[in-house]
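One structure below.
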Amino acid sequence: MRRFLVPLVLVALLAAACGDDDSETSADPTATPTATVATNGDGSRSALVVTDARYRRAGEGLGAAYLVITNTGDEAGRLSAAASGAAGEVQLHETVTDDDGLMGMVEVPEGFEIPGGGELILEPGGKHLMLIDLAADAGGQITIELVIDGDTIAVPFAFSEELSAMPGHDGGQSMEGGSMDDGSMEDASMEDGQ
């Protein structure tokens, strides 16, 4: 498996070089990084563009991470796994509603498709990365390694104070019931407005 490190310094330098002389630049350390990630070393697919990579705390030892992956090629890709040195485990989760209208999170071990010519959006209340055993000192930028089509891509995620202020584990609802004793949240459910 090849490892790609996202060249953020180069991206930042190129962005600064392409900017207007009259434009103001921001040195905001919480600004969300944008990176272009190439996959399929044989050039069979165009670049994937990762934007809006951010994470939040979602309770003691828990966090959730969100991003947008835009696939500029025609061929679909798949985000199949993730890992981070800042968390003991990173799981791919999706918030679902059952027949009784209760919301809950389920692990999605098969991962998420990145449609050709489309986007994969990980967002609060939908698909997201669940950070389990998130380090207590995590609070700045962390790196999450995404496995896309067998390639491991290191992506920096900015900490979001705004998202961390939201209730619930996946950004909008509070958890009731369920347990994480087995490392999954398939039995957990949430009720609106709590």
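The values are calculated or read from the model by the stated rules, or taken from the named source; none is laboratory data. This is a predicted model, so every value here is computed, not measured. Glycine also receives a Cβ, built like all others from the backbone with ideal geometry; neighbour counts cover every protein chain displayed.
Okay, residues lined up against (1) surrounded by fewer than 17 Cβ atoms within 10 Å (Cβ to Cβ); (2) farther than 15 Å from Tyr55 by Cβ; (3) free of Cβ contacts under 8 Å to residues at least 60 places away in the same chain; (4) of a type outside the set (S, T, N, Q):
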site: Ala65; (1), (2), (3), (4): no, no, no, yes
site: Glu75; (1), (2), (3), (4): yes, yes, yes, yes
site: Gly85; (1), (2), (3), (4): yes, no, yes, yes
site: Asp100; (1), (2), (3), (4): yes, yes, yes, yes
site: Pro124; (1), (2), (3), (4): no, no, no, yes
site: Met130; (1), (2), (3), (4): no, no, no, yes
site: Ala135; (1), (2), (3), (4): yes, no, yes, yes
site: Val155; (1), (2), (3), (4): no, no, no, yes
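Restricting attention to segment 98-109, does a residue exist that is within 12 Å of the chain's Cα centre (by Cα) and modelled with pLDDT of 95 or more? Scanning segment 98-109 turns up no residue that is within 12 Å of the chain's Cα centre (by Cα) and modelled with pLDDT of 95 or more. Report yes if Glu94 is in a strand (DSSP E or B), surrounded by fewer than 15 Cβ atoms within 10 Å (Cβ to Cβ) and within 15 Å of the chain's Cα centre (by Cα), otherwise no. So Glu94 does not fit the description; no. Those residues that are modelled with pLDDT of 95 or more and closer than 19 Å to Gly111 by Cα, I need them from segment 71-87; list them, please. Those that are modelled with pLDDT of 95 or more and closer than 19 Å to Gly111 by Cα: Arg78, Leu79, Ser80, Ala81, Ala82, Ala83, Ser84, Ala87.
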